[in-house]
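**Q** Quick one: the structure is below, questions incoming.
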Amino acid sequence: MKIPDATHPITITPSADTVRVLFQGHEIADSDDVLVLKEASYPAVFYIPRDDVRMAFLKRTDKVTHCPYKGDASYFSLYRDGQLVENAVWSYEDPYAAVGSIANRLAFYPEHVEFLLGERVAETDAVDVGEVIRHTDSGSGTSQAEHWPPTDDRA
């Protein structure tokens, strides 16, 4: 085990942006709790909580690699719409203490997915149409629900 230092720095910071991950145009992950790991001169890596990843499209593989600074990484393949990419995702399930905050988070190889930053898609809930109609202006300039003010802007 090696400890990050000035010759091989590792920093982990929260992402300022929401991160969405698309595979073959389909959303695989969407999170506002992403950690950005910067290690030495390597490109930054997004680590996303498993709860924010659609795990149904991932399958654990037998591949395991070792990093002297982070520990052992487990791998997952991505499968969606007949497209399979082996070992496209990795996770440090029990990382060394110096990078313990990435434990059980998932990272995606950028050559296999698309990252969208700050573009969270709002989830919508089903709406009771009867409630919407009841509270909508009838066109007469008065609200159909007495406690709502009219929406007529005509002078």
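**Q** What residue, among those in region 52-86 that are at pLDDT 95 or above and assigned to a loop (DSSP other than H, G, I, E, B), is surrounded by the fewest Cβ atoms within 10 Å (Cβ to Cβ)?
**A** PRO68
**Q** Of the residues in region 9-21, how many are surrounded by 15 or more Cβ atoms within 10 Å (Cβ to Cβ) and within 14 Å of the chain's Cα centre (by Cα)?
**A** Kept after step one, since they are surrounded by 15 or more Cβ atoms within 10 Å (Cβ to Cβ), are these residues of region 9-21: 10, 12, 15, 17-21.
Next, from what is left, pick out any that are within 14 Å of the chain's Cα centre (by Cα): 15, 17-21.
Residues in region 9-21 being surrounded by 15 or more Cβ atoms within 10 Å (Cβ to Cβ) and within 14 Å of the chain's Cα centre (by Cα): 6 in total.
**Q** Would you confirm whether any residue within region 87-107 is over 29 Å from THR7 (Cα atoms), outside any helix (DSSP H, G or I) and touching a strand residue (DSSP E or B) at 6+ places or on another chain (Cβ under 8 Å)?
**A** For region 87-107, residues over 29 Å from THR7 (Cα atoms), outside any helix (DSSP H, G or I) and touching a strand residue (DSSP E or B) at 6+ places or on another chain (Cβ under 8 Å): present.
**Q** OK, next. Return yes or no: is TYR42 in contact (Cβ under 8 Å) with a residue 12 or more places away in the chain and among the hydroxyl-bearing types (Ser, Thr, Tyr)?
**A** On the way: in contact (Cβ under 8 Å) with a residue 12 or more places away in the chain: no; among the hydroxyl-bearing types (Ser, Thr, Tyr): yes.
So TYR42 fails the test.
**Q** Let me ask another. Select, from ALA73, ALA44, ALA97, ALA6, the only residue that is on the phi < 0 side of the Ramachandran plot, of a type outside the set (Val, Ile, Thr) and under 18 Å from the mean Cα position of the chain (by Cα).
**A** Values: ALA73 fails: under 18 Å from the mean Cα position of the chain (by Cα); ALA97 fails: under 18 Å from the mean Cα position of the chain (by Cα); ALA6 fails: under 18 Å from the mean Cα position of the chain (by Cα).
Of ALA73, ALA44, ALA97, ALA6, the one residue that is on the phi < 0 side of the Ramachandran plot, of a type outside the set (Val, Ile, Thr) and under 18 Å from the mean Cα position of the chain (by Cα) is ALA44.
**Q** Within region 38-51, how many residues turn out to be buried (at least 18 other Cβ atoms within 10 Å of the Cβ) and within 16 Å of ASP94 (Cβ to Cβ)?
**A** The qualifying residues number 1.
**Q** Tally up the residues in region 1-39 that are assigned to a loop (DSSP other than H, G, I, E, B), free of Cβ contacts under 8 Å to residues at least 60 places away in the same chain and either farther than 20 Å from GLU114 by Cβ or aromatic (Phe, Trp, Tyr) (or both), please.
**A** 3
**Q** Quick check: is even one residue across region 76-86 under 15 Å from the mean Cα position of the chain (by Cα) and without any contact (Cβ under 8 Å) to a residue 40 or more places away in the chain?
**A** No: region 76-86 contains no residue that is under 15 Å from the mean Cα position of the chain (by Cα) and without any contact (Cβ under 8 Å) to a residue 40 or more places away in the chain.
The values are calculated or read from the model by the stated rules, or taken from the named source; none is laboratory data. These numbers were taken from a predicted model, which means no experiment stands behind them. All Cβ positions, glycine included, derive from the backbone under ideal geometry; neighbour counts span all protein chains shown.
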